[in-house]
Amino acid sequence: MDELRRILDAAFPGEEARYFHPMSIGSAPEDADEGAALILSGVKTLASSPFWDYPDGKIPFVGALSVLLNGARRARAIVETTRVEIMPFEAISESMAQAYGEGERTADWWRREMGAFYRASAARHGAAFTDDTLLIWEWFAVVRRL
């Protein structure tokens with residue numbers, strides 16, 4: 001964690017209030033590698049997370065700076081959160097699915113694949129998951145490649 005803090009300090013000195021948790025996509029190293037590549041190429045500019053991913057209650061916020069990690073937990077970039085909305089799982093639109101940047105980049109694909117992902121994640125956390133489950137939708141941009 002100290003290394004990630006040093007990365008943020010070097011790039012954005014004096015902006016500690018904006019430092020946020022590292023960003024890593026998915027739950028397996030290969031997912032994180034693919035997610036990092038999609039973000040670095042500009043294809044992926046939106047992510048979603050359930051509240052159980054933030055047990056301390058600190059969720060992403062506009063202006064937050066996060067170190068993007070690949071599957072080997074190596075820093076690849078610094079991303080800045082540009083927009084955050086709390087909306088139910090079912091709120092996915094075609095434009096959001098495009099910005100999500102994964103799979104077929106359609107709302108149908110997202111509902112099917114991410115629905116399965118979130119149902120499994122909810123079960124591991126002892127949480128319920130329905131189409132009405134609120135998610136944290138986070139739009140972001142790469143501000144520094146590492």
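The values are calculated or read from the model by the stated rules, or taken from the named source; none is laboratory data. Quick caveat, the model's predicted, so the values are computed rather than measured. Ideal geometry is used to build each Cβ from the backbone, glycine not excepted, and the neighbour counts take in all protein chains shown. Accessible surface areas use protein heavy atoms only, side chains included; no ligands, DNA or RNA. Shrake-Rupley method; radii C 1.70, N 1.55, O 1.52, S 1.80 Å.
Checking Arg119, Arg105 one by one, the residue that is in a helix (DSSP H, G or I) and open to solvent by 40 Å² or more (accessible area, probe 1.4 Å) is Arg119 and no other.
So that you can scan it fast, the table gives a plain yes or no per residue for (1) crowded, with 16+ Cβ neighbours inside 10 Å; (2) farther than 14 Å from Ser66 by Cα:
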position	(1), (2)
Asp2	no, no
Arg6	no, no
Phe12	yes, no
Arg18	yes, no
Asp31	no, yes
Ala36	yes, no
Ser41	no, yes
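Only a single criterion out of (1) in contact with a Leu (Cβ under 9 Å, 6 or more places away or on another chain); (2) in contact (Cβ under 8 Å) with a residue 60 or more places away in the chain is not satisfied by Glu15, namely (2). Across region 122-133, the number of residues qualifying as without any contact (Cβ under 8 Å) to a residue 12 or more places away in the chain and surrounded by 11 or more Cβ atoms within 10 Å (Cβ to Cβ) comes to 1.
Per this entry, Leu46 is not counted among residues that are under 20 Å from Arg111 (Cβ atoms), modelled with pLDDT of 95 or more and out of contact with any strand residue (DSSP E or B) (no Cβ under 9 Å at 6 or more places or on another chain).
Selection of region 128-146 for residues being within 19 Å of Trp52 (Cβ to Cβ), at pLDDT 95 or above and outside any strand (DSSP E or B) yields Phe129, Thr130, Asp131, Asp132, Thr133. Entry remark, region 118-146: residues being farther than 21 Å from Val79 by Cβ and among the aromatic types (Phe, Trp, Tyr) number 2 in total.
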